[in-house]
Amino acid sequence: MNTVKTVRELRAAVARARSEGKRIALVPTMGNLHSGHTALVTKAAQRADFVVASIFVNPLQFGPNEDLATYPRTLAADQEKLLQAGCHLLFTPTVEEMYPHGMADQTIVRVPVVSEGLCGGSRPGHFDGVSTVVSKLFNMAQPDIAIFGQKDFQQLAVVNALVRDLNMPIQIIGEPTVRAADGLALSSRNGYLTEAQRATAPTLYRVLKQIGDALLAGEQDHERLLADGKKALEDAGFRLDYLEIRQAVTLRPAAAEDQDLVVLGAAFLGKTRLIDNLHLSKVP
Ligand code: PAF
């Protein structure tokens with residue numbers, strides 16, 4: 001596996017692979033890789049002949065009071081994991097390579113509606129940063145397919161809308177969330193949790209599952225389900241950001257008759273913000 005830092009080197013390597021008739025997959029990441037990321041690379045290796053992963057901690061998607069400076073950077077360990085998972089090329093641009101004209105004057109790609117509310121409401125500008133960097137990575141690598149985790153459910157919806165609305169010839173594949181044995185969704189930010197917070201963290205998924213089970217059993221009172229869920233999270237020690245039942249494709253608030261639903265939650269344990277979701281279909 002080669003590691004390249006410049007767009008020129010990335011393009012040359014991808015062009016070589018393409019000239020050999022290879023199908024290209026891209027797995028964009030911010031590094032500090034765990035088995036959720038390597039599952040994306042494994043899927044990419046099954047679906048394409050040449051797998052490109054990127055590691056770039058994108059300043060444009062972090063708010064002023066967020067963890068950009070402390071976000072874990074673990075390149076050597078990440079390279080080893082990518083190699084084992086079947087990655088062929090790793091792209092690790094610097095901030096200057098990604099934003100050579102500075103970030104203040106950078107053209108911004110904004111996806112309306114699906115990027116509003118939920119994480120977009122709590123993290124203003126976050127999805128503009130994501131859709132801009134993902135657009136740039138797509139233009140740089142020009143993959144046939146790109147793989148994202150379903151753990152960032154809203155991000156996946158934003159990327160799907162971006163590709164649809166801008167006619168990008170890229171197939172987006174969402175891969176199921178990888179969880180620890182106790183149900184906690186794997187996340188680079190889990191490393192911030194203290195031992196006691198780590199023991200509490202799986203409650204977020206337990207609450208989503210309780211709501212999901214009730215919906216599947218025919219419960220239609222979303223407000224009551226959400227109120228019970230919020231109380232359970234707060235009793236466990238979380239500071240709630242949001243807990244919502246939405247239509248899975250549009251992310252608009254769900255009505256009792258909607259069938260394709262997603263329950264989404266974001267909550268803080270101390271300073272660490274955890275997100276998770278449960279996608280469910282009420283169609284028999
Ligand atoms: O999910 C992430 O790690 C990031 O948001 C992404 C998609 C790599 C864009 O920076």
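Please treat every number below as a calculation from the coordinates, not as lab data. Note that the coordinates shown come from a computational prediction; the quantities given were computed from them, not determined experimentally. Methodologically, a virtual Cβ is constructed for each residue, glycine included, from the backbone with ideal geometry; neighbour enumeration extends over all protein chains shown.
Could you list which residues have their amide H under 5 Å from that of residue 175, counting only those 5 or more apart in sequence or on another chain, with H placed in the peptide plane?
Excluding prolines and chain starts, which carry no amide H, the hits are 148, 149, 150.
Antiparallel DSSP bridges in the chain: what percent, to the nearest 5?
Roughly 50 percent of the beta bridges in the chain run antiparallel, per DSSP.
Going 7 Å from the Cα of residue 220 toward and past its Cβ, which residues in the stretch 256-277 have a backbone nitrogen under 20 Å from where you end up?
256-263
Residue 282 to residue 16: extension gain in nm, 0.36 nm per residue of separation minus the Cα-Cα distance?
Working: separation 266, 0.36 × 266 = 95.76 nm, distance 4.65 nm.
Here the segment from residue 282 to residue 16 would lengthen by 91.1 nm.
Cα-based count: Lys pairs in the chain below 17 Å, eight or more positions apart or different chains?
Here the count comes out as 8.
For the chain, with only Lys/Arg (+1) and Asp/Glu (-1) charged at the beta-carbon, what is the dipole magnitude about the Cα centre, in debye rounded to 20?
Value, rounded to 20: 660 debye.
Quote the FRET efficiency, to the nearest 0.05, computed for residue 189 versus residue 236 with a Förster distance R0 of 22 Å and r equal to the Cβ-Cβ distance.
0.80
Would you list the P(r) distribution for the stretch 19-119, with all Cα-Cα distances sorted into 5 Å bins from 0 and each bin expressed as a whole %?
That works out to 2, 11, 18, 18, 18, 17, 12, 3, 1, 0, in percent per bin.
If you plug each phi of the stretch 268-284 into the Karplus form 6.51 cos²θ - 1.76 cosθ + 1.60 with θ = phi - 60°, what whole-Hz ³J(HN,Hα) values come out, in order, with x for Gly and Pro?
So the Karplus estimates, Gly and Pro as x, are 9, 10, x, 8, 8, 9, 10, 10, 7, 7, 9, 8, 9, 10, 8, 5, x Hz.
Binned at 10 Å from 0, what are the whole-percent values of the Cα-Cα distance distribution for the stretch 107-226, short to long?
Reading the bins upward from 0: 11, 32, 34, 20, 3.
Which ordering of 257, 66 is given by a fewest-first count of other beta-carbon atoms within 10 Å?
Going from sparsest to densest Cβ surroundings: 257, 66.
Looking at 186, 259, 211, which one has the Cα that reaches farthest to the positive end of the dipole of the stretch 156-284 (charges on Cβ: Lys, Arg +1; Asp, Glu -1)?
Checked the options; the winner is 186.
May I ask for log10 I(q)/I(0) of the stretch 166-219 at q = 0.19, 0.20, 0.24, 0.28 Å⁻¹, from a Debye sum over the Cα atoms as equal point scatterers with solvent left out?
-0.78, -0.81, -0.95, -1.12
Over all alpha-carbon pairs of the chain, lay out the pair-distance distribution in 5 Å bins, whole %, shortest bin first.
Per 5 Å bin, starting at 0, the Cα pair percentages come out as 1, 5, 12, 15, 18, 17, 13, 9, 5, 2, 1, 0.
Would you calculate a helix-derived [θ] at 222 nm for the chain, using -39,500 (n - 2.57) for each DSSP H run of n ≥ 4 and dividing by the full residue count, to the nearest 500?
Only helices count here, giving -11500 deg cm²/dmol.
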